Amino acid sequence: MELQALQYPIGKWNPQETYTWEEIQERIALLKTFPSKYRAITNGISEEDLLKQYREGSWTVRQVVNHVADMHILHYIRFKHALTEESTEGVVAKIDAWANLSEAQNAPIDFSLTLLEGTHQRWTYLLEQMTAEDFTKGYYHPLRKIYIPLTDALDMGVWHSQHHLEHLKIALGK
């Protein structure tokens, strides 16, 4: 596989112009499915498997799982922040620095899988309570230097989930 295909196996995130209420509901339903997909793909893998990479120089399987849990907590917090603050700047993280912390490189992935399950339960519960007007709110992303409406943020969360699930499939040969 070429580098671009390994780095972005489902392509780069690209938001739609608009989302129908049905499309929003479809994305919420998809978001609910990812924790079990992550648990299933990592079920019974060895310590050796946790060190595998999806491309040379990439994060390990362990780092990817820990990264997804970290970032989805941030996604959830960004939603809550956007829903409760007048003017909001999205919380950002130095993702490579976080992934290179000893904790992210060595913690059992079950910690992150449990976090992912709980975060997605809370996040999708929040999403299901939101109105169409709520989804028009958003936040400014200081790294991307764009305003992200919550419809786009939801789409990004689904993309992020699938993006890294594909990385795990590549690394684990599934």
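The values are calculated or read from the model by the stated rules, or taken from the named source; none is laboratory data. Quick caveat, the model's predicted, so the values are computed rather than measured. Here Cβ is always computed from backbone atoms with ideal geometry, including for glycine, and neighbour counts include all displayed protein chains. SASA here: full protein model, heavy atoms, side chains in, ligands and nucleic acids out. Shrake-Rupley method; radii C 1.70, N 1.55, O 1.52, S 1.80 Å.
Summary table
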read-out: Residue match in the stretch 36-54 (condition: touching a Phe, Trp or Tyr at 6+ places or on another chain (Cβ under 9 Å), farther than 13 Å from HIS163 by Cα and at pLDDT 95 or above); value: yes
read-out: Where a residue in the stretch 95-114 is at negative phi and without any contact (Cβ under 8 Å) to a residue 24 or more places away in the chain and its partner, wherever it lies, is open to solvent by less than 60 Å² (accessible area, probe 1.4 Å) and among the small types (Gly, Ala, Ser), with Cβ under 6 Å and at least six apart; value: none
read-out: Residues located in the stretch 18-67, provided they are among the charged types (D, E, K, R), surrounded by 13 or more Cβ atoms within 10 Å (Cβ to Cβ) and free of Cβ contacts under 8 Å to residues at least 60 places away in the same chain; value: GLU23, GLU26, ARG62
read-out: Residue within the stretch 152-160 that is part of a loop (DSSP other than H, G, I, E, B), touching a residue at least 24 places away in the same chain (Cβ under 8 Å) and within 26 Å of ASN66 (Cα to Cα) present; value: no
read-out: Hits in the stretch 106-141 (condition: crowded, with 19+ Cβ neighbours inside 10 Å, closer than 30 Å to THR60 by Cβ and either of a type in the set (Phe, Trp, Tyr) or modelled with pLDDT under 95 (or both)); value: TRP123
read-out: Single match in LEU154, LEU168 (criterion: under 17 Å from the mean Cα position of the chain (by Cα), closer than 15 Å to ARG27 by Cα and either at pLDDT below 95 or open to solvent by less than 30 Å² (accessible area, probe 1.4 Å) (or both)); value: LEU154
read-out: Test: residue in the stretch 93-102 that is at pLDDT below 95, part of a helix (DSSP H, G or I) and among the aromatic types (Phe, Trp, Tyr); value: yes
read-out: Qualifying residue in the stretch 75-83 (condition: under 26 Å from GLN4 (Cα atoms) and outside any helix (DSSP H, G or I)); value: no
read-out: The stretch 142-151 - residue that is in a strand (DSSP E or B) and in contact (Cβ under 8 Å) with a residue 12 or more places away in the chain and, of those, surrounded by the fewest Cβ atoms within 10 Å (Cβ to Cβ); value: PRO149
read-out: Candidate set: the stretch 1-17, residues that are assigned to a helix (DSSP H, G or I) and either among the polar types (S, T, N, Q) or in contact with a Gly (Cβ under 7 Å, 6 or more places away or on another chain) (or both); chosen: the one surrounded by the fewest Cβ atoms within 10 Å (Cβ to Cβ); value: GLN4
